[in-house]
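A short write-up of the structure that comes next.
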Amino acid sequence: MAHNPFLGGENVALDTLGLRSPFVSEDIAQTIEKQCILRQGVDLNTGDVIYSITTGSLEGSHDSRISIKVEREMWHVPEVTDKQGIKKKSQPIRVPCEPFIYIEASVHKALVGHNVCGGPQGFVESAHWLIGLVSDLLGVQLPDPDIWMVRRIDTAEVFQMPSYEACEEYFRGLNSADYPRRSVTRYGNSGIYAQGSTTTLKFYHKGPEFQKHDRKRLVKILPTEKLFELIDLAHRTIRVEVEIKTRKLENDFGYSPLVREITEEYINRVYDTEVQRFLKEGAKELELVRDAQAVQRRLREKYDDRLAGLLFGTWYQLTTLGEDFVKGSFAKRTFYRQRKQLVDAGISWHGTDVILREKHSAVPVGFSPIRLDPRRNVIELPEVRDKLAPIRSKIDFHKLVLSYSKPVSKAQ
């Protein structure tokens, strides 16, 4: 049986998707343009969530609007022949083409109005739902979602911490670290963004971000009790997003993949790899330790007394002075060797009890924002399940049909 793109591994948590349609007729393109103009900035009441359409780009991952663009140009890389008669690719240019549609939106916010928790799990059904929503809002029949090109995927994991203070403390440690291979923007004790040409990583405390971007919008449509529940939950939530960009998708697949070609395993693998690379902690089987006594015990278990003592001193400096300072006071080779030895031992210098000095760390022992962490919130909200249920039923039926289409071998 051929590979079934609907058969995935663990479900994947999603936020923003960027999807490009096949070419559409000029009639459909003009109808969409007129609908967007009429509805831009107007509440589209579906009975539970207010949608807002824009024809421009989204301001960021916090933007709750649905961006819908009709495009009549596409990028093309022409070939040129040099003086030796060798064909080479030149700079990309925009060339006219038949119209197509580009949709970008937080499917999580489109489903329930916020992305604090309980978002959609499953890429194919989420893409189908988003395209179906836009089709219904604009009153047009859009092409089969399976054959849309995927241009962006934001996978997002949510971790529930015991308190607001635990979230802040974790980010104090995270922001004291050095990330030499990334262009990093730090947001005090509430977040850190790592920009890249193929992926962008976003670690942030959901509470402050929710207060800044979502509270004023949701106060108009949510009961007060529900809103305060969300605020309380957001204050105890660390959210980690990995934005998979067009370049990453094309590099990995060798072309622009279609919706039906994206698997859960692929998205989860990118998340695991990017987070592990960034944090230098990774999905270790060895439980992470970060308080002084546990670090000392772990080092003595793994290394001889001399090396354990040496590494404990390095760890203490990393926790109190930060990576930039410590790296500047060590020989480069020594610094990277000792940092690797700490990581190999499952030791973290982020959010340690040394930083707080007189009180124990509020960060749970062993916490790391990986999919194996027990604080990961994997619950899908009931309203999300209800909206995706019809699409999932179709997918299950399709899987059943494919299973019956498997050829019977002669041996049977």
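Observations
- Listing of strands (runs of 3 or more DSSP E) fully contained in segment 140-202 that carry 2 or more residues being more than 14 Å from the chain's Cα centre (by Cα): 149-160, 183-187
- Pick from segment 147-174, criterion crowded, with 19+ Cβ neighbours inside 10 Å, out of contact with any Phe, Trp or Tyr (no Cβ under 8 Å at 6 or more places or on another chain) and not hydrophobic (A, V, I, L, M, F, W, C), ranking: modelled with the highest pLDDT: 154
- Within segment 207-266, helices (runs of 4 or more DSSP H) holding 3 or more residues that are on the phi < 0 side of the Ramachandran plot and within 17 Å of the chain's Cα centre (by Cα): 246-253
- Checking each residue in segment 380-401 for being within 15 Å of residue 12 (Cβ to Cβ) and either modelled with pLDDT of 90 or more or charged (D, E, K, R) (or both) picks out 380, 384, 388, 392.
- Leading residue by the ranking (modelled with the lowest pLDDT) among those in segment 267-306 that are crowded, with 20+ Cβ neighbours inside 10 Å and of a type in the set (Phe, Trp, Tyr): 278
- When segment 157-199 is filtered for residues that are among the hydroxyl-bearing types (Ser, Thr, Tyr), in contact with a strand residue (DSSP E or B) (Cβ under 9 Å, 6 or more places away or on another chain) and more than 27 Å from residue 374 (Cβ to Cβ), the ones remaining, listed by number, are 183, 185, 198.
- Selection count where residues are aliphatic (A, V, I, L, M), touching a Pro at 6+ places or on another chain (Cβ under 7 Å) and within 18 Å of residue 230 (Cβ to Cβ), scope segment 108-132: 1
- For segment 315-337, filtering for residues that are surrounded by fewer than 19 Cβ atoms within 10 Å (Cβ to Cβ) and at pLDDT 85 or above leaves 14.
- Filtered residue count, segment 307-351, keeping only those that are of a type in the set (Lys, Arg) and closer than 13 Å to residue 295 by Cβ: 0
- Checking residue 253 against (1) free of Cβ contacts under 8 Å to residues at least 12 places away in the same chain; (2) surrounded by 17 or more Cβ atoms within 10 Å (Cβ to Cβ), the condition it does not meet: (2)
- When 221, 238 are checked against the criterion of being of a type in the set (A, V, I, L, M), in contact with a Cys (Cβ under 6 Å, 6 or more places away or on another chain) and under 22 Å from residue 119 (Cα atoms), 238 stands alone in meeting it.
- Scope segment 78-125; condition surrounded by 10 or more Cβ atoms within 10 Å (Cβ to Cβ) and acidic (Asp, Glu); matching residues: 98, 104, 125
The values are calculated or read from the model by the stated rules, or taken from the named source; none is laboratory data. Since we're looking at a predicted model, the values are computed, not measured. Quick reminder, even Gly has a Cβ in these numbers, built from the backbone with ideal geometry, and neighbours come from all protein chains shown.
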